[in-house]
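Working notes for the structure below.
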Amino acid sequence: MKYKLVYFLLVSLSFCFGQSDFKEQFKIFSFENKKLGKVEFCTFKSTIDTKKPLLIFIHGSGNLPTFQYIKETNSYNWSAFTEIQKYKDQYHVILVNKPNVPLFDTVEGENGNFTYPVSDIYRENYSLEWRAEAASLIINKAIKLLPTDQSKIVVIGHSQGGQVAPKVAVINKKVTHLVLLNTNSLNHLYDFVLQERLAAFKGEQTFEKTQQNIDTLFADYKRIFNDPKNKTKMWYDETYFRWASFSDETPLENMLKLKIPIFVIAGGKDLWGSFIMNTDYVQIEFLRYQKTNLTYKVYPNANHFLQDELEESGKTKYVDIKPTVFAEIDQWTKSKN
């Protein structure tokens, strides 16, 4: 079975602005950290001098800049849900970088298939720990640099960012609200096994072939976990170090450590991004431990990018539900003061 590693699907997440219009909306901050190296974040200039809460958005996997400039169209795409810009006057909306990947830079490609050079520094550092520690430091820096209402500091993570966000909240006790969008609750590697099993039950491959594929996966996983610090050996274009790092702790393990309100939102048709069958498990464990700080909601027809996939006349129709989802997040944060 051929796996789909979903990173951004820029056609779904992008929002294009002219070069001069777009970047000028943001104020960029950068600082050096002895352990992490250069860390960058940005926020909208709109009402930047107003005292307001923080909203930190952590986007998904891959090495693309947060904002990608496309020469051919003289415009930017960005690796986040553009819906968050609606809240820039309500919050200091903060977006973050990745190791040795600037917030803004030019990419190559077209039609949403963009590439960006993978640096040695990126491969040396890209991990759950780097992303979580960088985001935690950004929160501390933002509080010092921006007039902040610390009674509400919301961290939202999408996809791989949703794996990072719970660890940020564990590290940084200033976080008051945690929101996860389309992320796994158990180890992401389990998704590949679940996808194989589903393919067999759907008749896409034999059960014998499925088991062969899963045995191959387990052999691959064994190699990764036997050499978890290796930054040269690759599996699906990512280092063993990266895969092992994101397996150090599951999102669920970190969520169970928290007492703050947690809102987990999933798509019922999310198969290739963060498999819904993986995400669902979070509800069971919170019920088992009788923890009451989780709100769990599944949009039954939604895919990984918060679009409803509806079948009409033999064709798939995509309906954007991001406005509905983010309005619900906004109401949830207000109800959990």
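Condition check for Gly273 on (1) in contact with a strand residue (DSSP E or B) (Cβ under 6 Å, 6 or more places away or on another chain); (2) under 24 Å from Phe192 (Cβ atoms): one failure, at (1).
Which residues, counting only those in the range 284-293, are open to solvent by 60 Å² or more (accessible area, probe 1.4 Å) and under 17 Å from Asn187 (Cβ atoms)? I'd like the intermediate steps shown before the answer.
First, the residues of the range 284-293 that are open to solvent by 60 Å² or more (accessible area, probe 1.4 Å): 284, 287-290, 292.
Once the filter is applied, which keeps residues that are open to solvent by 60 Å² or more (accessible area, probe 1.4 Å) and under 17 Å from Asn187 (Cβ atoms), the range 284-293 yields only Ile284.
Filtering the range 89-108 for residues that are under 16 Å from the mean Cα position of the chain (by Cα) and of a type in the set (Phe, Trp, Tyr) leaves an empty set.
Pick from the range 273-283 the residues that are in contact with a Ser or Thr (Cβ under 8 Å, 6 or more places away or on another chain) and surrounded by fewer than 21 Cβ atoms within 10 Å (Cβ to Cβ): which of them is farthest from Ile321 (Cα to Cα)? Before the answer, list the steps.
Kept after step one, since they are in contact with a Ser or Thr (Cβ under 8 Å, 6 or more places away or on another chain), are these residues of the range 273-283: 273-274, 278-282.
Narrowing the set further to residues that are surrounded by fewer than 21 Cβ atoms within 10 Å (Cβ to Cβ) leaves 280-281.
Numbers: Asp280: 20, Tyr281: 24 Å.
By that ranking, first place goes to Tyr281.
I'm checking my understanding of the structure. Among residues of the range 4-33 that are among the charged types (D, E, K, R) and modelled with pLDDT of 95 or more, which one is least open to solvent (accessible area, probe 1.4 Å)? Explain how you work it out, then say what you get.
Going residue by residue through the range 4-33, those that are among the charged types (D, E, K, R) are 4, 21, 23-24, 27, 32.
Then drop every residue that is not modelled with pLDDT of 95 or more, which leaves 27, 32.
On the way: Lys27: 90, Glu32: 139 Å².
Among those residues, the one meeting the criterion is Lys27.
Listed here are the residues, each with its yes/no results for (1) of a type in the set (A, V, I, L, M); (2) closer than 22 Å to Phe305 by Cβ; (3) open to solvent by 30 Å² or more (accessible area, probe 1.4 Å).
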| residue | (1), (2), (3) |
| --- | --- |
| Leu186 | yes, yes, yes |
| Gln195 | no, yes, no |
| Phe207 | no, no, yes |
| Asn213 | no, no, no |
| Asp220 | no, no, no |
| Ser245 | no, no, no |
| Ile262 | yes, yes, no |
| Ala266 | yes, yes, no |
| Leu271 | yes, yes, yes |
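The values are calculated or read from the model by the stated rules, or taken from the named source; none is laboratory data. If you're wondering where the values come from, they're calculated on a predicted model, not measured in any experiment. Virtual Cβ from ideal backbone geometry, glycine too; neighbours counted across all protein chains shown. Side chains are part of the model used for accessible areas, which takes the heavy atoms of the whole protein and leaves out ligands, DNA and RNA. Shrake-Rupley method; radii C 1.70, N 1.55, O 1.52, S 1.80 Å.
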